[in-house]
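Just so it is clear, none of the values below were taken in a lab; they were calculated from the coordinates. In this text, all values refer to a predicted model and were calculated from it rather than measured experimentally. Here the Cβ positions follow ideal geometry from the backbone for every residue, glycine too, while neighbour counts run over all protein chains shown.
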């Protein structure tokens, strides 16, 4: 059920015709049989799906190996093509290609602009993550970037294989793309519970999503290398050594939402930030000593604890630099208050450290609506 065919050796697309033009094409084809399928060179006939989508079908069954498509698949593919064109790209459908090693592929929609090529795949049947990665590598070997819109929630949350949930609501004449939230885990999300809001951080109209994806609105971990406000939460205690008052950091919030509206903020602690390195270069940037001292907070750095028998990232007294042990942090956490805010450039090293302890909320795809 392709969206294109040959009309007297010229490629035409079904979605380029209005109702009157479609009827005229039907009449012309009845008279001269001038429509030919691009997949197998058999005769083609213009048809309309149950959703009102115009498409081309084989005049009669034959030996063609092309896979049938549902009405919903066709409709979504039409929206993708029109959105790609609206974004200033050329859009072609059912495009066949081959890797340098001779592996064949067929793209649902291939968008091109200059030397850039982006395949947009609408995967209606179930496809495991390994197969998605395999097909993604095939596109990469051919110099084509690919983006996946899947009806089933077998998504990969990674930069190298952008994949998203496609939600087609035919009864409402609407289609949406859902971006996974930090609560999304493909092991637990199924077709039965995929509609639960907690698994998705953004829901975008399909046309808007495709247009934005091709014009720079879709980004992975958008906060990296961006200036982000940081709020420090701390508690006032009395140093065990010098007996003077000092503040200890209990947690910090990277307020990503102030730069990317709707994006979740990133909450973390010294324990999560402890990489085990004596001088992790991003620590000095995250905890500017001179600024923190103005608020009565000591230097944040690794210190050796005889009690713990090891070094760890810790608070120190702002007066004598004595380690203020983790047990103080745990006891005083509930009494912490926000004491200062400043701006830092969020480094990939910082986010990588947080991801190693399971705090990977920033490693998600984000769509910046304009």
The chain: calculated mean residue ellipticity at 222 nm from DSSP helix runs of at least 4, using -39500 (n - 2.57): -6500 deg cm²/dmol
Listed peptides 92-105, 172-185 by packing density, highest first (mean Cβ within 10 Å): 172-185, 92-105
Whether the stretch 1-52 is rounded, prolate or oblate, judged on the alpha carbon gyration tensor where a/c under 1.5 counts as rounded: oblate
Prolate/oblate/rounded label for the chain (Cα gyration tensor, a/c 1.5): prolate
Cα long-axis angle, helix 129-141 against the chain (0 to 90 degrees, to the nearest 10): 80 degrees
Label-to-label distance, nm, for residues given as residue 50 and residue 191 (7 Å Cα→Cβ offset): 1.6 nm
Contour excess over end-to-end distance, with Cα ends at residue 9 and residue 98 and 0.36 nm allotted per residue: 29.7 nm
Segment residue 340-residue 294, extension gain: residue separation times 0.36 nm, minus the distance between their alpha carbons: 15.6 nm
Length added when fully stretched, residue 125-residue 40, from 0.36 nm per residue minus Cα-Cα: 28.3 nm
Computed label-point distance, nm, for sites residue 285 and residue 90 using a 7 Å Cα→Cβ extension: 4.1 nm
Rounded tilt (10° steps) of 71-86 against the dominant C-alpha axis of the chain: 70 degrees
Highest-MSF residue in the chain out of 309, 52, 21 [GNM, Cα springs under 10 Å]: 309
Cα centroid separation, the stretch 1-54 to the stretch 152-226 (Å): 33 Å
Among beta bridges that DSSP assigns inside the stretch 72-217, antiparallel share in %, nearest 5: 70 percent
The stretch 227-363 - percent relative contact order, Cα under 8 Å, separation 6 or more: 31 percent
Value of relative contact order over the chain, rounded to a whole percent, pairs C-alpha under 8 Å and six or more apart: 12 percent
Burial order of peptide ranges 81-87, 191-197 (average beta-carbon count within 10 Å, highest first): 81-87, 191-197
Cα shape, the stretch 182-259, gyration tensor, a/c 1.5 rule: oblate
Whole-Å distance, taken between Cα centres, linking the stretch 229-244 and the stretch 110-139: 52 Å
Percent of beta bridges antiparallel (DSSP, the chain, rounded to nearest 5): 85 percent
GNM top mover of 115, 348, 311 - the chain, alpha-carbon springs below 10 Å: 115
Degrees between helix 19-32 axis and first principal axis of the chain (Cα, 0 to 90, nearest 10): 40 degrees
In nm, spacing of pseudo-spin labels at residue 369 and residue 238 (7 Å Cα→C-beta vector): 5.4 nm
